[in-house]
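J.: My questions will all concern the structure given below.
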Amino acid sequence: MNSLVLRTVARVVAPVVMLYGVRLLLVGHDSPGGGFVGGLVTALAVVLGWMAFGPPPRARRWERGVALGVGISAVTGLGAVLLGRPFLTHALLYAGPVKLPTSLFFDVGVFLVVVSATLAAVRTLWEAGS
Amino acid sequence: MQTLLLGIPLIPLLAAPWAAASRRAPWLVALGACGAVLLALVPVARWAAAGLVASAELSWFSALGVGYRLRADGLSALFALLVAGVGVLIVLYARAYLEHEPRAPAFFAYLLLFAGSMLGLVLADDLLTLYVFWEGTSLASFFLIGFHDERWEARQASVRALVVTVVGGLAMLAGFLLLGLEAGTFRVSELDPRTVQGSPRYPWVLGLVLAGAFTKSAQIPVHFWLPGAMVAPTPVSAYLHSATMVKAGVFLLLRLLPVLGGTELWRTWILPVGLGTFLFGAVVAVLQDDLKALLAYGTVSALGLATALAGTGTAVGRDAAVLYLVNHAAYKGTLFLVAGAVEHETGTRQIRHLRGLARAMPATAALAAVSVFSLAALPASGGFVAKDLAAKALGHGLEGWLWVGAVVTAAFGARFLQVFFGSGEAEHRHEPAGLWLPALPLAVLCVLFGTWRQLPEAVVGWLGAPHNVWPKFSWGKVAPALLAAVGGAGVAWFGGTVSSRWPEARWNGDRVFDALQAALLRFADALTHLSLTGRLRDYLVVILGVAAVGAGLPVLAHARWPEVGRLSFEAAFVGIGVAAVLVTVLSRSLVAAVVALGAVGYSVVFLFMGLRAPDLALTQMLVETVSLVLFLAVVTRLLSTDVPDRHPLAGLDLLVSVAVGVVAGALAFQLTTGPPSQRLAEFFARNAKLAGGTNLVNLVVVDFRGLDTLGEITVLGIAALGVLALARRPR
């Protein structure tokens, strides 16, 4: 897929889409969005980049991203255990004026898993197809 | 001090990996472990001798009342001493026997695994702890029987032994669970016989526990695994398959005798099996031409007698069984070590090829003679004392079995001794000290038990009230023993001539087992061929068909059908969706079908928006997009774009698709039009404040039902790993 139009568009659109994906992750607490959707959007932005400029030379170790994501989500639940509350009990924190629920960190884990899993699937099938 | 008891089984278990890693002297590790256990048992034994009981426990499943509980009464201490003591001798013997074996470290590691499990088994005071160690010994036995795993017979024999003992063990576990539930405790020492025997489930408990005991102690008709186990290296045969492990079944009977025993059922179920095994084993032993097979059937016979003695259900029977088992460990252990030495030096175990070994191997021959004396229960041997007590325990009605058995037993003993007599070519044979010295203490025990009165009385004294077990020497007792021995020698000569002409049995336990195993494998094979066609479409038909029928029946039973008048603006999107479905199904081009499928998904997005569910709409849209990208960018390149191998409208596919669609539609309709659960909605709305957000969907996902999400991303991650693994598969 070697197209000047696609490359020109992707150069502008892909970073914006990626940022939008991260935004969806961050605002999920109060408006439509969240780690799953944000992860899909971000992964799509990366795939758009691959379509325009070609995929990375070899399959990255996506399993690390998956493991990191599941690990982060699980660890956020352990904090509550240390404080004697049930696993995965979340707290609402504030960093100055910014609302920072601990469930956001959980969502970051979800985000990472979705991005890694999607990209792993696309990249693997891509390789198999070409 | 008593808590040290808990460490006794752990010493060999922890030493096992060490022995496996030790290249230079794994036997030294094993010797150290067995020696340490022996030392640790000294205070335990002194307590037991004084009539005291050491016990200790570590909480395990406290909610179920299950714990790692050990308790060393006389019976346990005696068996533990047997395991550790014989273990030391076996390790010393194995060192010489496996001199040039490169896999010796693994051998000693398995041996330690066994020793630890066996110690745990005999010391356990908790039914489930006992079960765990029981299976541990089966596993160790499996590895040791199959030690020469390059040979088919070794592998097959190990599988037979494992399956027979583990199936019995599972039955026993079921019996233990029933027993524990009936008695209200899993603690062996607290089981109340009146509660258990009064229960209507008592026959079940007894039957299941007996299944475990009989398989482990090789009673007919499942005895066949024990002779098969003789493919193991000889130290294993001596240790596991004659001196210790096979006695676990009888040990279990003795352990549970106070709880389950003493009933008519106990006698009528155990005695016939035990006595039958006793005679059967002895007769078949005479006909063997292989030294170890002869000893193995001899062991089957001895285990039968011990089982029968336990089956009497009396205190005398218990004492006789234990005394007999200890003596059996001494003489049969010696005989196995002798057989191993003979094979090691001559390269064969066939009796017909062996003659006149006494000249080349005088010490070995002497050991063999002493132990055969005890085997034949001749006066002044441990066997005589044990058999005398056995006769007392069986009583006048059953004593006759003992005398018949004695003749046959003497006969296979004489067959064994044949190899040392006569003139044969024994030029270059010699006997390394390492192959007979370890047997010496066992042979000495054979004599001591028959000449030193305190020894058998001490053994019996550990079990309960000491009573007179020393036989009064009278010609009335000695003469039958001598007669039996002479008769046995005659039978031995006869057996020798018969064994060479004995036809190979057409149906024995091994063959039945192998036939059953082969039938099972054929069945599995047929099932695999039937279910795994290698075509994704077939799998989908099965999966979706089952889902449609399984989920469909209850859904359709309660379905309410929409009234056409209630459809409003959604009708337009439904129309688009239906049209897209038709295009998908009817299109001859794969790309067109994929795009049309995407259109179906997007029409659903609009339906979600109509339902004011922006999160769902967003997610649905993105999932559709990713799928479309995957399809168009990648998958279409993998597949041929021709028409698929089966037309989408083929009968079965169409049926399954329509069924799935109808069921899914009915389910969705029912869920969205039924009375919504106000309780849940209110709960979430009320508690959203706690989570500090306003997007309820997201709050549910990451907070209220976070554990579900964690499970989901784990599944997603595993799926991704699966994709990666499939792609990296070497092509």
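J.: Would you please name the trypsin sites (Lys or Arg not before Pro) within the range A:36-130 that are DSSP coil residues with at most 15 other C-beta atoms within 10 Å of their C-beta?
T.: On the way: sites: A:ARG58, A:ARG60, A:ARG61, A:ARG64, A:LYS99, A:ARG123; in loops: A:ARG58, A:ARG60, A:ARG61.
For trypsin sites (Lys or Arg not before Pro) across the range A:36-130 that sit outside H, G, I, E and B with at most 15 neighbouring Cβ atoms in 10 Å, the list reads A:ARG58, A:ARG60, A:ARG61.
J.: Also, I was wondering about something else. So which aspartates and glutamates can A:LYS99 reach, going by Cα to Cα under 17 Å and dropping same-chain residues fewer than 8 places off?
T.: Cα-Cα hits under 17 Å: A:ASP30, A:ASP107, B:ASP703.
J.: Loop sites only, by DSSP: take the GluC sites (Glu not before Pro) in chain B that have at most 16 other C-beta atoms within 10 Å and name the longest stretch containing none of them. Don't jump to the answer; show the numbers that get you there.
T.: Values: sites that count: B:GLU99, B:GLU150, B:GLU425, B:GLU427, B:GLU504, B:GLU563.
Of all site-free stretches, the longest is B:151-424.
J.: With 10 angstrom as the radius, rank A:LEU83, B:LEU28, B:LEU435 by how many other C-beta atoms surround their C-beta, starting from the fewest. Don't skip to the answer; put the middle values down first.
T.: Values: A:LEU83 9, B:LEU28 14, B:LEU435 26.
So the residues, fewest neighbours to most, are A:LEU83, B:LEU28, B:LEU435.
J.: When chain A is modelled as a GNM with alpha-carbon springs shorter than 10 Å, which of A:LEU112, A:LEU88, A:LEU26 fluctuates the most?
T.: Its mean-square fluctuation being the largest, the pick is A:LEU88.
J.: Which order do B:VAL286, B:VAL460, B:VAL541, B:VAL546 fall in if you start with the one that has the fewest other Cβ atoms within 10 Å? Don't skip to the end; give the middle numbers.
T.: Values: B:VAL286 26, B:VAL460 23, B:VAL541 16, B:VAL546 11.
Ranked by crowding around the Cβ, least crowded first: B:VAL546, B:VAL541, B:VAL460, B:VAL286.
J.: Using a 10 Å cut-off on Cβ atoms, rank the peptides B:104-115, B:346-357, B:154-165 from the highest mean neighbour count down.
T.: Numbers: B:104-115: 25.4, B:346-357: 16.6, B:154-165: 21.5.
Descending mean neighbour count gives B:104-115, B:154-165, B:346-357.
J.: How crowded by other chains is A:112-125, given as the mean number of beta carbons from other chains within 10 Å of each beta carbon? Please report the intermediate quantities before stating the final value.
T.: Working: counts 2, 8, 6, 0, 3, 10, 6, 1, 8, 9, 6, 4, 8, 9.
Whole-number average of other-chain Cβ neighbours for A:112-125 is 6.
J.: Now, a different point. Here is the link list: B:LYS292/B:LYS472; B:LYS247/B:LYS392; B:LYS332/B:LYS477. Which ones come out longer than 31 Å on Cα distance? Could you put the intermediate results ahead of the total?
T.: Working: B:LYS292/B:LYS472 35 Å; B:LYS247/B:LYS392 22 Å; B:LYS332/B:LYS477 23 Å.
Correct reply: B:LYS292/B:LYS472.
J.: Could I have the simple spin-label model distance between B:PHE523 and B:LEU181, label points 7 Å from Cα toward Cβ, reported in nm to one decimal?
T.: So the two model labels end up 2.6 nm from each other.
J.: Can you compute 3J(HN,Hα) from phi for each residue in the range B:5-22, using the Karplus curve 6.51 cos²θ - 1.76 cosθ + 1.60 with θ = phi - 60°, rounded to whole Hz and x for Gly and Pro?
T.: 3, 4, x, 4, x, 6, 4, x, 5, 6, 6, 4, x, 5, 4, 5, 8, 7
J.: Turning to a different aspect of this structure: Taking every Cα atom in the range B:677-731, find the radius of gyration and the maximum pairwise distance Dmax, and write them in Å.
T.: 17.5, 57
J.: Shielding by partners for A:95-105, please: the mean number of other protein chain Cβ atoms within 10 Å of each residue's Cβ.
T.: Numbers: counts 0, 0, 0, 0, 2, 1, 6, 2, 11, 2, 1.
Other-chain Cβ atoms within 10 Å of each residue's Cβ, averaged: 2.
J.: Hey, what does the equivalent ellipsoid look like for the range A:4-129, semi-axes from the Cα gyration tensor as sqrt of 5 times each eigenvalue, largest first, whole Å?
T.: So the three semi-axes of the range A:4-129 are 32, 18, 9 Å.
J.: For the range B:163-176, take each phi angle, set θ = phi - 60°, evaluate the Karplus expression 6.51 cos²θ - 1.76 cosθ + 1.60, and give the result in whole Hz per residue in order, putting x for glycine and proline.
T.: Couplings: 4, 4, 6, 6, 4, x, x, 5, 4, 4, 4, 4, x, 4 Hz.
J.: Under the Kirkwood approximation applied to all pairs of distinct alpha-carbon atoms, what is the hydrodynamic radius of the protein assembly as shown in Å?
T.: Values: mean 1/r = 0.0304 Å⁻¹.
It is 32.9 Å.
J.: To continue, here is another question. Highest mean first, how do B:169-180, B:301-312 rank when packing is the count of other Cβ atoms within 10 Å averaged over residues?
T.: Working: B:169-180: 21.1, B:301-312: 28.9.
Averaged packing, sorted descending, gives the order B:301-312, B:169-180.
J.: Can you give the average number of partner chain beta-carbon atoms within 10 Å of each beta-carbon in peptide B:615-622, as a whole number?
T.: 5
J.: While we're looking at this one, here's another question. Which value, in nm² and rounded to one decimal, describes the direction-averaged projected area of the C-alpha convex hull of chain B? Present the calculation step by step, with values, prior to reporting the outcome.
T.: On the way: hull surface 174.4 nm².
So the Cα hull casts an average projection of 43.6 nm².
J.: If we restrict to alpha carbons, what Rg and Dmax does the range B:266-501 come to, in Å?
T.: When restricted to Cα atoms, the range B:266-501 yields Rg and Dmax of 17.3, 55 Å.
J.: Using the count of nearby Cβ atoms within 10 Å as a rough guide to exposure, how do B:ILE8, B:ILE543, B:ILE145, B:ILE220 rank from fewest to most?
T.: Ascending Cβ contact count within 10 Å gives the list B:ILE543, B:ILE220, B:ILE8, B:ILE145.
J.: Give me, ordered by chain and number, the residues 5 or more places off B:ASP125 or on other chains with an amide H under 5 Å from its own placed amide H.
T.: The list, which skips near neighbours in sequence, is B:ARG69, B:LEU70, B:ARG71.
J.: Answer rounded, prolate or oblate for the range B:365-497, using the Cα gyration tensor with square roots of eigenvalues a ≥ b ≥ c: rounded when a/c is under 1.5, else prolate when a/b is larger than b/c, else oblate. Can you show the working numbers first?
T.: Values: a/c = 2.85, a/b = 1.37, b/c = 2.09.
In terms of gyration-tensor shape, oblate.
J.: Would you please state which residues of the range A:99-121 a label at A:VAL27 would reach in this model, taking the label point 7 Å out along Cα→Cβ and a backbone N cut-off of under 16 Å?
T.: Within reach of a label on A:VAL27, which here means backbone N under 16 Å from a point 7 Å along Cα→Cβ, the range A:99-121 contributes A:99.
J.: Using each residue's phi in the range B:624-631, evaluate 6.51 cos²θ - 1.76 cosθ + 1.60 at θ = phi - 60° and report the 3J(HN,Hα) Karplus result to the nearest Hz, with x for Gly and Pro.
T.: Per-residue couplings from phi come out as 4, 5, 4, 4, 4, 4, 4, 5 Hz.
J.: Which of the peptides B:78-89, B:268-279 is most tightly packed, and how do the rest follow, going by the mean number of other Cβ atoms within 10 Å of each residue?
T.: Details: B:78-89: 23.7, B:268-279: 20.2.
For the peptides B:78-89, B:268-279, the packing ranking is B:78-89, B:268-279.
J.: Right, here's the next one. Given the DSSP H assignment, sum -39500 (n - 2.57) over each helix run of at least 4 residues in chain B and divide by its residue total; what's the result at 222 nm in deg cm²/dmol, nearest 500? Present the calculation step by step, with values, prior to reporting the outcome.
T.: Numbers: 30 runs with 518 residues, N = 731.
Per the formula, -24000 deg cm²/dmol.
Each reported figure results from applying straightforward, stated rules to the coordinates on display, with no laboratory input. Keep in mind it's a predicted model, so treat the numbers as computed, not measured. With ideal geometry, Cβ positions are generated from the backbone for all residues, glycine too; neighbour counts draw on all protein chains shown.
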